[in-house]
Every structure is written in structure tokens, then in C-alpha cells.
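What follows is a short report on a single structure.
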Amino acid sequence: MSEILDIFVGSVRDGFIQVSVFVAVTVLLFSYAQYRTDGRLVRRLEENKRAQPLVGALMGLTPGCGGAIVIMPLYVRGSVSFGTVVATLIATAGDSAFVILALAPEAALYAYGLAFAAAVIFGYAIDWFGMGVSRIDRAVGRIGRTATDGGFATPPVGSQVHHYEEAQGCGCEGCEEPTRDSPLMEALSRAALGFWWLAAIGGLAVGVVFLAIGAPDVPMVAEVSFAGAFTVFGIVGTVLSFYLYFVGRRYIGHGHVGRARDTFGNVYETLTHAAMETSFVTVWVIAAYLLYEYGILVTGANMQAFAAAAGVLAPVGAAAVGVIPGCGPQIVLATAYTQGGIPFSALVANAISQDGDALFPLIAIDKRAAIVASIYTTIPALVVGVGLHLLFGPMFGFGVLGG
């Protein structure tokens, strides 16, 4: 019972300090850039057709799904090419990138560098040569007709995949979950938001020191010391993250976490978005920590031995997991990598294959384009992942801090 409790408290504390505080900084910087530019970057992208796949890959490469989500409505409007969509999705790092960046920065450099290279190559290849998109489009069409709102098809952009005018109420903007009316709960949630930022700032300072001294084991104590600050900021930050994600967002807005906007109205809205996005990541990171640790405790399984026995099937399986929309499964897999549970080849395959939350708005508007895009993100994932495994072996623990 003591071991179960230690795992729980340790995961709650470590997840916030080791991952979430760095997530908060990254999301805040990206959101602030959106606020300051007032959407000008998006408008320039629409005007420069030749640079679109490259810029799309760069947008996808930004940690989280915000950059990639911005691209999806532009494709539906006919502003960017289908190759740009594929390049963006291949490069999409998703929220799992925060885990790897915080706990295995060297592995992140190589994994996401390979994903970026694959994204640019495939993106331009689709726009220039078609790459059989029309044939895949017809094959997917036999699965079922694309559901639309009765809109009209726009001219093909960069391929023969048809897309439709944005359905009413399905876009990335204007579809936030309605806030509930309760002055007391709204005041409580705004107070929680303020204290969350205090915990995030304190946790960031502690997290930087933690990395600077070599990521040592930190005792669980409540006292005036480095270990005490690590414990207090970690636990308080996680508790507030859970409150904001499950309760607070219903009273202060930003209910649909992961749906990015082109712009933010003011600094407060920017801070709120960053906190809500980070709270979502925190919930999944803690869940991933607990799932992995309790799974090992209950089964006694050696995940590294199991993955090593799987051989080249490890990157194949990781690429298949990447097909699942959303960031939750990918965060679990990224956490497994930092714990030595899967090889580097599997991490790279998943990094290339995953589309994160960016696929949801595309599914809502054009299911066929979403399926075709998923096919084209899986192909380079299999090629690169299996190729790495055959050339360099599994490489367990590559780039993991303290590994």
C-alpha cells in the first residue's frame, strides 16, 4: 500500500515540475506570438504558395497542436495545398513533444528533425507529383461518402482531393464550449487560474535548477528547501491543473482545449489559453505516468525486454498508434520511451505518424481528406522507423536525461 501511495504522489509531483512548467512556457510564447501578430503570419502564408509545405512543416513542428490546427481551416478555404496539410501533420509534434523535450531533449532533436525532413519531402512531392493522391481518394471514397453540410466543392489545391466550405459551427473558432453562469464558481476559477500561474512560475524556477544539477532523485518533503519547493510547487500545480481542466474551464471559457485560434483578443485571454492547454497536458502526463508505473508494479513485466523481442514490429506498432487522433495515446507512448519501455525507432515512427488534435477539425469538415492525410503520414513513419531500427538497432534510452 505504501508503494502504491509513493508512486501516486511521486507521479503527481514530478509530472508538473518535469514536464508541465516547460509546456506552459512554450504554449505561452506561441500564443503570445499569435496575439502580437494579429494573424498576419497566416495571411502571409496564404499569399506565398511555394513556401507553404515548408511553413506548414514548421507550424507542425511547434510543440503542441496549435500550429498545426491553424493550417487545417486554410486548406478547407482553398488557401493552402493538400501537400501543405500532409507536411504539417507529418511534422506535428503534438503534446507528447513536451514530454520528450523535457525528459529527453537530445532524442527530441533527432526525432523531430527526422519528422521535419520527412514532412518537407512528402509535402512538396505531393504538390509537385500528385503521389497517387487521386487513386487513394477514389479508394477512400468507396469506404463511404464524405459527409458535408450541403456546401459546394472548391477547386482542387495541389492534388485531386476535394474539400468543402467550412461547415457552420465546425471550425476551430467560435465553437468553444459555452461557459456556465455562476458568479461564485467563476470567481473561484479565476482565482485558481492566478494561483496556477504562481505555481507554474515557481515550478519553472525549480525545474530549471533540477535540470542544471543533473536531474537527481528529489526526496518527498514539505520544508523550506529545494526539495520542499519541488514537492509543494509540483503537487499544488497538478491539483490546480486538474481543477482547471475538469471544472474551471466551464466557467472561464476555453472549454475545447486543443482548438487553436488565429489570434487572441488580449493578454488575459492569451494567459488563460496557455494555462488551459497546459492543464490538459498535465492531466494526460500524470495519467501516463500512473498507467506505466502501476502497470509495471502489477504485472512485473519488463517493457524493454518485450519491445526488444518485438524487433521491427515496435516501430510498426508505434506508427499504428500515431494513426489514432488526439494526443492522449501519444503522451502515453512518449512517457514509455522516457521510462525505457520502447526503442528510439518506435519514438520516431510515432512522431512522424501522429496527427495530434490537428486532425479533428479536418475530420469535422472533410472526412475523406482526413483519411487520405492519415495514410500519407503513416507511409514515411513506417519507412523511417523501420529503417532506423534496421540500421542502428532499437537504441533504448537514447537521449533520456539520467539514462
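Would you pick out the residues in region 341-382 that are without any contact (Cβ under 8 Å) to a residue 60 or more places away in the chain and over 30 Å from Arg77 (Cβ atoms)?
Of everything in region 341-382, those that are without any contact (Cβ under 8 Å) to a residue 60 or more places away in the chain and over 30 Å from Arg77 (Cβ atoms) turn out to be Gly341, Ile342, Pro343, Ser345, Ala346, Ala349.
Only residues that are among the aliphatic types (A, V, I, L, M), in a helix (DSSP H, G or I) and either within 22 Å of Tyr376 (Cβ to Cβ) or touching a Ser or Thr at 6+ places or on another chain (Cβ under 7 Å) (or both): list them for region 314-334, please.
Matches in region 314-334: Ala314, Val316, Ala318, Ala319, Ala320, Val321, Ile331, Leu333, Ala334.
Hey, could you check region 257-298 for residues that are assigned to a loop (DSSP other than H, G, I, E, B) and buried (at least 16 other Cβ atoms within 10 Å of the Cβ) and say which is modelled with the highest pLDDT?
Phe264
What number goes with the only condition from (1) within 28 Å of Val267 (Cβ to Cβ); (2) surrounded by 23 or more Cβ atoms within 10 Å (Cβ to Cβ); (3) more than 22 Å from the chain's Cα centre (by Cα) that Glu46 does not pass?
In the conditions (1) within 28 Å of Val267 (Cβ to Cβ); (2) surrounded by 23 or more Cβ atoms within 10 Å (Cβ to Cβ); (3) more than 22 Å from the chain's Cα centre (by Cα), Glu46 misses (2) alone.
Can you find a residue in region 184-201 that is modelled with pLDDT under 90 and assigned to a helix (DSSP H, G or I)?
no
Among the β-branched types (Val, Ile, Thr), under 15 Å from the mean Cα position of the chain (by Cα) and either farther than 21 Å from Val283 by Cα or surrounded by fewer than 24 Cβ atoms within 10 Å (Cβ to Cβ) (or both): does that describe Thr88?
Criteria met by Thr88.
Within the bounds of region 382-396, is there any residue that is touching a Ser or Thr at 6+ places or on another chain (Cβ under 6 Å) and closer than 23 Å to Gly123 by Cβ?
Yes - at least one qualifying residue is present in region 382-396.
Where in region 1-76 are the helices (runs of 4 or more DSSP H), entirely inside, with at least 1 residues that are of a type in the set (Asp, Glu)?
2-15, 40-47
Pairs under 8 Å by beta carbon, first residue at positive phi in region 55-83, partner in a helix (DSSP H, G or I) and among the aromatic types (Phe, Trp, Tyr), six or more apart or different chains?
Pairs found: Gly64/Phe30; Gly64/Phe98.
Determine whether Gln339 is touching a strand residue (DSSP E or B) at 6+ places or on another chain (Cβ under 7 Å) and either surrounded by fewer than 18 Cβ atoms within 10 Å (Cβ to Cβ) or modelled with pLDDT of 80 or more (or both).
no
Mind checking whether some residue in region 371-392 is in contact with a helix residue (DSSP H, G or I) (Cβ under 8 Å, 6 or more places away or on another chain), surrounded by 21 or more Cβ atoms within 10 Å (Cβ to Cβ) and not in a helix (DSSP H, G or I)?
Looking through region 371-392, none of the residues is in contact with a helix residue (DSSP H, G or I) (Cβ under 8 Å, 6 or more places away or on another chain), surrounded by 21 or more Cβ atoms within 10 Å (Cβ to Cβ) and not in a helix (DSSP H, G or I).
Which one of the conditions (1) under 21 Å from Phe210 (Cα atoms); (2) surrounded by 24 or more Cβ atoms within 10 Å (Cβ to Cβ); (3) of a type outside the set (Val, Ile, Thr) does Gln52 fail to meet, given that it meets all the rest?
Only one criterion is unmet by Gln52, namely (1).
Just one of Val76, Val70, Val42 is touching a Cys at 6+ places or on another chain (Cβ under 8 Å) and modelled with pLDDT under 75; which is it?
The unique qualifying residue is Val70.
Across region 342-369, what is the total count of residues that are over 16 Å from Ala108 (Cβ atoms), surrounded by 24 or more Cβ atoms within 10 Å (Cβ to Cβ) and out of contact with any Asp or Glu (no Cβ under 7 Å at 6 or more places or on another chain)?
Matching residues across region 342-369 total 9.
Pairs please, first residue from region 262-275 and under 23 Å from Leu74 (Cα atoms) and aromatic (Phe, Trp, Tyr), second anywhere and surrounded by 21 or more Cβ atoms within 10 Å (Cβ to Cβ) and modelled with pLDDT of 85 or more, Cβ atoms under 9 Å, 6+ apart in sequence or on different chains.
Correct list of pairs: Phe264/Thr272.
With the requirement that a residue be within 23 Å of Gly60 (Cα to Cα) and either touching a Gly at 6+ places or on another chain (Cβ under 9 Å) or modelled with pLDDT under 90 (or both), what does region 377-396 give you?
Once the filter is applied, which keeps residues that are within 23 Å of Gly60 (Cα to Cα) and either touching a Gly at 6+ places or on another chain (Cβ under 9 Å) or modelled with pLDDT under 90 (or both), region 377-396 yields Thr377, Thr378, Ala381.
The values are calculated or read from the model by the stated rules, or taken from the named source; none is laboratory data. Predicted, not measured: the structure shown is a model, and the values here were computed from it. In this analysis, Cβ positions are derived from the backbone assuming ideal geometry, glycine residues included, and neighbour counts consider all displayed protein chains.
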